[in-house]
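Step one of this worksheet: look at the structure below.
Just so you know, all these numbers are worked out from the coordinates, no wet-lab data involved. For clarity, every value in this text was computed on a predicted model and none was experimentally measured. Neighbour counts are summed over all protein chains in view; Cβ atoms, including those assigned to glycine, are modelled from backbone coordinates with ideal geometry.
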């Protein structure tokens, strides 16, 4: 089906956070996990320093748009002494509330000497964190948990990278009894091939969100062009009871770089959400723009789901 407009709408005050807002020196701020804690929107922001090494810092706001309270120093720093896989920084966090455990599970990319990998930590207040350490070997990233168990097992979406050329990078699904040891690995969402906007390389964006029709999954696709890569966003709907079953997948992207702050920065032509929230039927999507700042776009959940349900039924290989 054809779309005549993007499904997400940029906030007029974008970008809502940039390095000029930061209370200490940094190169850029982007790619933030999102949570609602005590009525405030909490962003766990990736901050890159002037070495090129990233850490995570909390910013809070009552309305999720203005008057951000930013920690005066890094909230969660790499700890390569105790966690050597963090030697080159920690990046791109995603947060999921686990009601059963009464904790936030934060997946993030630890940049090890062997390449990026998925690490996990838990927190109740985004002040104190308990590291569980690496849960996937390199090269793997773009991971987030589902908020509930399936048949007694936790589930995680993530994106390993094939070592063989031309094999592509796809979104996988894995299960765990304890959040530490993961198995039952399976490819779930395949990168398309050829000239598609999401050919050869895709990855999870925000954590899966439950709707009446299924799990709403936001993912990014990377198109390689003569002038570089373009990161755009698409949607997938998974079965509520069986997340290994794909119901629908959008053929067209639903959001891509158009604004100047998305098209020009440390990495041009990138929109990269690591979190979203929902309030009264409206989704608030927080995304890194051009790896340089944080922006906000909104959409009606019902419109996203309706759009997906009008897409053709998913067939393996789509």
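Computed values, structure above
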item	result
Average Cα contact separation per residue, the chain, under 8 Å, 6 or more apart, as relative contact order %	16 percent
Using distinct alpha-carbon pairs, which all enter the 1/r mean, Kirkwood radius of the range 31-189 in Å	16.2 Å
Selected from 143, 25, 299 as most flexible by GNM, with the chain as the system and alpha-carbon contacts under 10 Å	25
The range 125-215, relative contact order [Cα under 8 Å, separation at least 6], %	24 percent
Mean projected area in nm² (Cα convex hull; one quarter of hull surface) for the range 216-318	7.3 nm²
Unit Cα scatterers, Debye sum, the range 36-79: log10 I(q)/I(0) for q = 0.16, 0.24, 0.30, 0.31 Å⁻¹	-0.44, -0.81, -1.03, -1.07
Most to least packed among 172-178, 229-235 [average Cβ atoms within 10 Å]	229-235, 172-178
Per-peptide average of other Cβ atoms within 10 Å, ordering 267-276, 42-51 highest first	267-276, 42-51
Taking the range 120-178 and dividing mean pair separation by its residue count, relative contact order in percent (alpha carbons under 8 Å, at least six apart)	24 percent
Rounded to 5, percent antiparallel among DSSP beta bridges of the range 161-318	95 percent
By average C-beta atoms within 10 angstrom, highest first, the peptides 84-94, 302-312	84-94, 302-312
